[in-house]
1. If we scan the range 24-42, do we find a residue that is open to solvent by 70 Å² or more (accessible area, probe 1.4 Å), within 30 Å of Ser170 (Cβ to Cβ) and assigned by the TED database to the domain that holds Asp180?
2. Out of the residues in the range 120-135 that are buried (at least 18 other Cβ atoms within 10 Å of the Cβ) and among the hydrophobic types (A, V, I, L, M, F, W, C), which is nearest to Lys151 (Cα to Cα)?
3. Out of curiosity, is Tyr56 open to solvent by 30 Å² or more (accessible area, probe 1.4 Å) and among the aromatic types (Phe, Trp, Tyr)?
4. Please find, among Arg41, Arg110, Arg69, the residue that is of a type in the set (Lys, Arg), touching a Gly at 6+ places or on another chain (Cβ under 6 Å) and at negative phi.
5. Could you identify the single residue in Tyr271, Tyr249 that is among the hydroxyl-bearing types (Ser, Thr, Tyr) and modelled with pLDDT of 95 or more?
6. Report, by residue number, each residue of the range 152-171 that is of a type outside the set (A, V, I, L, M, F, W, C), open to solvent by less than 30 Å² (accessible area, probe 1.4 Å) and under 30 Å from Val21 (Cβ atoms).
7. Can you tell me which residues in the range 217-260 are outside any helix (DSSP H, G or I) and either at negative phi or over 29 Å from the mean Cα position of the chain (by Cα) (or both)?
8. Could you list, ordered by first residue, the pairs with Cβ atoms under 6 Å in which the first is in the range 108-137 and part of a helix (DSSP H, G or I) and the second is among the β-branched types (Val, Ile, Thr) and surrounded by fewer than 19 Cβ atoms within 10 Å (Cβ to Cβ), at least 6 apart or interchain?
Amino acid sequence: QGTRDHPPAQTALRDRLLAAVVACFKRHGAAAIDTPVLELRETLTGKYGEEAKLIYELQDQGGELLALRYDLTVPFARYLAMNKITNMKRYHVAKVYRRDNPATTRGRYREFYQCDFDIAGQFDPMIPDAECLKIVHEILSDLQLGDFLIKVNDRRILNGVFAVCGIPESKFITTCSAVDKLDKMPWEEVRSEMVGEKGLSPEAADRIGEYVQLHGGLDLIEQLLQDPRLSQNKLAKEGLGDMKLLFEYLTLFGITGKISFDLSLARGLDYYTGVIFEAVLLQQENDHVEEPVSVGSVAGGGRYDGLVGMFDPKGRKVPCVGVSIGIERIFSILEQRVKASGEKVRATETQVLVATPQKHLLAARLKLISELWDAGIKAEMFYKKDPKLLKQLQYCEATGIPLAAIVGEQELTDGVIKLRDVATREEVRM
């Protein structure tokens with residue numbers, strides 16, 4: 001359950017998608033790393049908040065207690081700490097595992113790919129953060145998935161809001177995971193969860209409601225900087241100051257049109273400490289709808305300055321910021337689009353089929369195809385001694401092979417081959 005086999009055409013489509021994402025990461029100067037799919041159980045526990053129940057723990061078989069990796073961020077932090085690395089820009093494309101309730105139509109699986117880009121190191125505020133947002137913007141624009149919106153918030157602003165609304169610090173994380181559901185549930189339901197399940201007072205919940213329903217741009221940041229309650233809170237003030245700086249950089253990158261400062265964005269994971277963001281695809285249901293409808297998150301990330309320190313025996317911190325591209329959901333959308341358009345995705349990259357029109361020419365085919373392979377040309381041939389020419393050409397049409405190199409008795413005598421363009425049926429001797 002929650003896993004799937006990828007037939008050749010799907011795999012080819014996915015490879016094309018991953019190549020576009022990786023090309024963007026490389027354009028921004030990232031190096032690739034890889035880590036084991038298994039981690040020590042203790043490495044993963046206590047890093048994901050309420051999501052921890054979704055970790056796949058492996059049976060105790062004597063020796064180390066292991067689990068399957070849940071994301072690529074915690075293994076990266078462990079890697080930095082173990083190798084005493086304080087400065088790195090890396091990307092990692094690999095499978096992760098979650099004991100989630102699968103919803104395969106929406107691209108929710110128990111085994112799925114993640115594509116992460118992270119910048120680790122001590123830098124001036126908001127410059128790497130702005131680059132991560134630029135990367136999301138580039139990838140979603142490149143893939144032409146339609147309209148999208150990148151929501152941005154800051155954990156410090158959220159915690160400041162919780163503090164001025166009278167929430168005890170012990171309830172910050174649980175309140176955060178309730179607020180995080182605002183994109184899927186109306187405020188009334190989130191409010192009743194806060195009061196009923198999380199034990200907040202109705203007054204505190206209402207005060208939070210006044211803030212978490214706000215979204216905008218620089219104007220909203222200015223407005224909150226003037227807010228008498230928030231301006232008294234050190235954390236919120238810091239967060240808002242940085243958010244203002246971030247928007248200045250995003251303006252220079254020319255991407256603020258797709259960015260929304262959204263106070264309801266919380267992201268459920270425990271390890272975020274600063275800027276957090278999430279990209280959603282928007283769907284215009286029909287022309288009469290003013291507000292476009294979100295069809296789900298396709299990228300997310302943020303700043304996690306304390307995570308590496310958790311793995312360092314001396315607690316040395318390495319500030320990090322990163323982004324994860326939700327490749328499975330994007331893949332589901334592209335797959336549906338290909339199906340709807342009837343476009344045929346080529347499963348192979350073969351450039352030429354070596355064909356023969358008469359019998360007893362297997363030796364000529366084997367010699368020619370060997371020369372093509374040695375020259376780095378992608379070539380195929382039939383595994384029959386005497387295939388019919390029509391069958392060979394039909395195979396080219398069915399699989400999208402553009403050229404056929406035909407060697408008959410006449411060609412052998414003349415020392416040439418006949419190159420046929422499968423689509424136009426034009427032939428040249430060479």
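The values are calculated or read from the model by the stated rules, or taken from the named source; none is laboratory data. Here the structure is a predicted model, which means the values were calculated and not measured. Cβ sites come from the backbone with ideal geometry, for glycine too, and all protein chains shown count toward neighbours. These accessible areas exclude ligands, DNA and RNA; they are computed on the full protein's heavy atoms, side chains included. Shrake-Rupley method; radii C 1.70, N 1.55, O 1.52, S 1.80 Å.
1. Step one: of the range 24-42, the residues open to solvent by 70 Å² or more (accessible area, probe 1.4 Å) are 26-27, 34, 36, 38, 42.
Okay, now just the ones that are also within 30 Å of Ser170 (Cβ to Cβ), so 42.
This time we only want the ones that are assigned by the TED database to the domain that holds Asp180, so: 42.
Yes: one or more hits.
2. Leu133
3. Numbers: open to solvent by 30 Å² or more (accessible area, probe 1.4 Å): yes; among the aromatic types (Phe, Trp, Tyr): yes.
So Tyr56 fits the description; yes.
4. On the way: Arg41 fails: touching a Gly at 6+ places or on another chain (Cβ under 6 Å); Arg69 fails: touching a Gly at 6+ places or on another chain (Cβ under 6 Å).
Residue meeting the stated conditions: Arg110.
5. Working: Tyr271 fails: modelled with pLDDT of 95 or more.
Matching residue, one of Tyr271, Tyr249: Tyr249.
6. Filtering the range 152-171 down to residues of a type outside the set (A, V, I, L, M, F, W, C) leaves 153-156, 159-160, 166, 168-171.
Still in the list and also open to solvent by less than 30 Å² (accessible area, probe 1.4 Å): 153-155, 160.
Listed by number, the residues that qualify are Asn153, Asp154, Arg155.
7. Filtering the range 217-260 for residues outside any helix (DSSP H, G or I) gives 217, 226-229, 233, 254-255, 259-260.
Residues satisfying the conditions are Gly217, Gln226, Asp227, Pro228, Arg229, Asn233, Ile255, Ile259, Ser260.
8. What qualifies is His137/Ile255.
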